[in-house]
Amino acid sequence: MKTEFTYQVGDEIKTVTIEREGDCFQVTVGENRYQIRAQRPEHGRLNLQVGDRRLRAHVASDGLRRYVALAGQTWTLERPQPQQKRRAAAGGPGAGSLEAAMPGLVLDVLVVEGEEVSQGQLLVLLSAMKMELRMSAPVAGRVAKVHCQAGQVVERGQVLVELSDG
Amino acid sequence: MFAKILIANRGEVAVRIIRACQEMGIRTVAVYSDADADALHTMLAEESVRIGPPPPAQSYLCGACILDVALRLGCDAIHPGYGFLSENADFAEAVQAAGLTWIGPSPAAMRTMGSKTSARAAMAAAGVPIVPGYQESQEEAELLAAAGRIGFPLLVKATAGGGGKGMRIVEKRAELPAALQSARREAQNAFGDARIYLERLIRSPRHIEFQVFGDAHGNALHLCERECSVQRRHQKIVEETPSPLLDADLRRRMGEASVAAVRAVGYVNAGTLEFLVDPADRSFYFLEMNTRLQVEHPITEQVTGVDLVKLQLQVAAGQPIPFTQEQVAQRRHAIECRIYAEDPANGFLPSVGKVLRAVEPVGPGVRVDAGITTGDEVTVHYDPMIAKLIVLGEDRADAVRKMDWALSRYVLLGLTTNIPFLHAVIGHEVFRRGEATTDFVERYFAGWQPRAAEPPDLALAAAALAELLEGAAVGASPVAVGGVAAGDPYSPWRQTNGLRMGAGLGSQP
C-alpha cells in the first residue's frame, strides 16, 4: 500500500511517497528513490538507516507544521492547507490591516472604530518578553474594526485592526 | 547552614539554585505565577506556592507577596537569583527586617553600587579607574565646560539609566545642547529621573567583567574575568573565560582593582565588576557593578571549579570563603551561549509556544542550564532567555569546536530560537581570532538572516515516515493515497498529545 504526503517548500509542493515492506520502506521524494529502514523507539523519535548510514531523527508536529531534527540541523516543514481553508485565507484581511508582528500582550489600543488614521500612526502597543513593539498603520485609512483590547494575548499574524479606504 | 530557602525567581536560574540547595540538603520553596504553574522550577522544589497572575508586577516583582510566603512556610533565607527583585535594596531590607537572611550583599552596598553616579564616585575614591566624565552638576554651563575637558566624542548617559535608554553619542561640541535636552526627556520618561552625566566615549571597547566575592570575616577576592563583548542591543549573547585579550599582567591589575572595590564598600557575597577595556592601549575603566549572581556565572564555575551558588549560601550563612586568592586558578577555557526564544528571520522579535520536544546535548564538558523541557510553554510574559549552553574545552579552539558541536545537537522543536544565529557568531572569523568588540554584532551581522536552505530529501522522508509510524502507533488506520486526508490538521499525528506529555515527564532531569 502506497501512502503519499505533501509538504510546502517555498512556493513548491514536494511529494513523498512511502511503500512499506516489513520494517523497510521504499520512499520516493520527488524523482529520487530511497530504501529506508525506520523504527520508532519512542514518541517523537525515529531511528533511520539509509544504506550504511544510521541516523536518529527527532520529530514533532503542531497543526500543519512539522519539525524534523536530523544530523545537527532542524527543519520546519509545512503541510499544505486543506482546500477550504486556503479559500478562507484568500478572502481574509486586506493589505490595509494591521497584523501582530510578534506574539504578545496588548498593552494599549490607541484608536477606536470609525477613526481616520494616517500612515505610520501608532495604533496598538504590544509587549512580549520585556520588549515593547509599536504597531503602526501600514496605510492611511479609516478604522473599520478593532479586533483586540488591552490585556489580551495575541498570536503572531493575528489581525489587530482592520483598516478600510478613508 | 539554612534549613529552608525560598527562591524568588523563575526559569533556569530558579532551577539552578534549587538544585544547589538540594545537593546541600536544604529544603526549597518555589514561587510561581499562573503562567508558570507547570514550569520546571515549580516541579523541582519541595514546596511551590502561587503568588499571583502572570504580569511580573503582580507576581515575581511583588516583594510583599513573596515575603509573606517565606514567613508562612518557615523559610530562613531568600535567594533572589538575577533580575526581578535581585537588585532591589528596599526588598532586601524588608527581608532582613522580617528576620530572614538575604542571600546577597547588604542593602547599603546595593544602594551605593545601584546608582551609576554614586558607584562611579565610590570607585574613584577607591582608586579604581573610571571612564573620564562629569557628574557634579546638572547646570548647562558647567556641563558644556566639562565636555570641553573630557573631549569629543562623548556619551550623555542617564543617572538612573540602563539598557541604553537616555544615552546619546555626541560627536562634536555643537551637538551637545540638543543631545542633553533629548537625553533628559528620554530619561524622565523611562526612569522618572531626568538627571544625566557625561562620559568619554571609548570606541569599539571590550566588555570584560570580574567575578568578586566578599565574606563577613573581611575576606575579599576575585575569581578572574569573563569576556562578554559579543552583545546584541546591549544584551550579552556569548561569554567566555579566560578573555582572549587579557595577559597575566592586565588580569592581575584588573583583579586587584576589583578586590579594592569590594573592600571599599565592605561588600559581602557575590558581585561582578564590569569594565570597558580599550583594545588600542589596553587601559581599563570601571563601568558598573552588579550586586547579584550573573547570568553568565557558569563559565566561571567551569574554569575555577567553584560552585558560586553554594558559595553564596555559605557566605550568607556567615561562613568564611573556604579558599584564598592564591588558590584561585583558571583551568582550560569555557564558553557560554544564551539560547533565546526569538526569531532571527523576524528581526529577532520574541517567539513563543510549546516546546514539543527538547533534547539537550550531553558529553564531556557540555553543560545545559535550562528552565524549560519537553511539554513546557514559553509565554509572552517573561524574558526570552530559555536556556544557557556552556562548554569547557582544553583551550579556546577546542571550546569553540565543542560549542559548535553542542549547538548542532541542541534539539528544541516547536519554537524558534536564536541557535542558527549563535552558530554564525561563533563561526565568524573575528570571533575565532578572539577580537570581537562590543560593536561586533552591529558591524558584522546587520540585517543578518538565517540561511533559507532547502530541506534535504532525507528530512522530508523522515517527516513522512513520522506521520506514518506515529499515526500507526496510536492505532489509527493508515491514511489513503491522494494526500487530502493526510493533509488534514486533525490527522492521527495530532492525536498523540497524551503520549507527548508522557515523554516530557520522562525526560525531566
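Please treat every number below as a calculation from the coordinates, not as lab data. As the structure is a prediction and not an experimental result, all values here were calculated from the model. Because the Cβ atoms are built from the backbone with ideal geometry, glycine has one as well, and the counts that use them run over all protein chains shown.
A few notes on this one:
- Put in line by how crowded their Cβ is, counting other Cβ atoms within 10 Å and starting with the fewest, A:LEU55, A:LEU125, B:LEU468 read A:LEU55, A:LEU125, B:LEU468.
- Whole-Å distance, taken between Cα centres, linking the range A:26-56 and the range B:69-86: 51
- Here the residues A:MET1, B:MET113, ranked from fewest to most Cβ neighbours within 10 Å of their Cβ, fall in the order A:MET1, B:MET113.
- Summing Lys and Arg as +1 and Asp and Glu as -1 over all other residues whose Cβ lies under 14 Å from the Cβ of B:TYR285 gives a net charge of +2.
- With the helix formula -39500 (n - 2.57) applied to DSSP H stretches of n ≥ 4, chain A reaches a computed 222 nm mean residue ellipticity of -1500 deg cm²/dmol.
- Candidate cross-link partners of B:LYS165 among the lysines, defined by an alpha-carbon separation under 30 Å and a same-chain spacing of 8 or more, comprise A:LYS130, B:LYS116, B:LYS157, B:LYS236, B:LYS388.
- Estimated purely from DSSP H runs of n ≥ 4, each contributing -39500 (n - 2.57), the mean residue ellipticity at 222 nm for chain B is -10000 deg cm²/dmol once divided by its residues.
- Computed from Cα atoms, the angle from the helix B:396-408 axis to the main principal axis of chain B rounds to 40 degrees.
- Trypsin sites (Lys or Arg not before Pro) within the range B:321-407: DSSP coil, no more than 13 neighbouring Cβ in 10 Å: B:ARG331
- Computed on chain B, with alpha-carbon pairs under 8 angstrom and 6+ residues apart, the relative contact order is 13 percent.
- Zone residues, the range B:181-216, relative to B:ARG443, backbone N less than 18 Å from point 7 Å out along Cα-to-Cβ: B:201-208
- Comparing the range A:93-164 with the 2.2 N^0.38 Å rule of thumb, its C-alpha radius of gyration ratio is 0.98 (two decimals).
- Computed from Cα atoms alone, the Kirkwood hydrodynamic radius reported for the range B:329-439 is 14.7 Å.
- At 1.002 mPa s and 20 °C, Stokes diffusion of the protein assembly as shown via Kirkwood alpha-carbon radius, µm² per second: 78
- Short-range pairs are left out: with C-alpha atoms under 8 Å and at least six residues apart, the relative contact order of the range B:133-200 is 41 percent.
- In terms of overall dimensions, the C-alpha atoms belonging to the range B:203-345 reach 50, 37, 28 Å along their principal axes, ordered largest to smallest.
- Helix B:116-125 axis, angle to chain B major axis (alpha carbon atoms, nearest 10°): 50
- Computed over the range A:2-83, the Cα gyration tensor eigenvalues convert (square root of 5λ each) into semi-axes of 21, 17, 12 Å, ordered from largest to smallest.
- Acute angle (nearest 10 degrees) that the helix B:63-72 long axis makes with the longest principal axis of chain B, alpha-carbon atoms: 70
- Overall, chain B carries a charge dipole of about 500 debye about its Cα centre when +1 sits on the Cβ of Lys and Arg and -1 on the Cβ of Asp and Glu, all other atoms neutral.
- Distant alpha-carbon pairs in chain B (separation over 39 angstrom), percent: 28
- Computed from the C-alpha gyration tensor, the three semi-axes of the ellipsoid equivalent to chain A are 45, 19, 12 Å, from longest to shortest.
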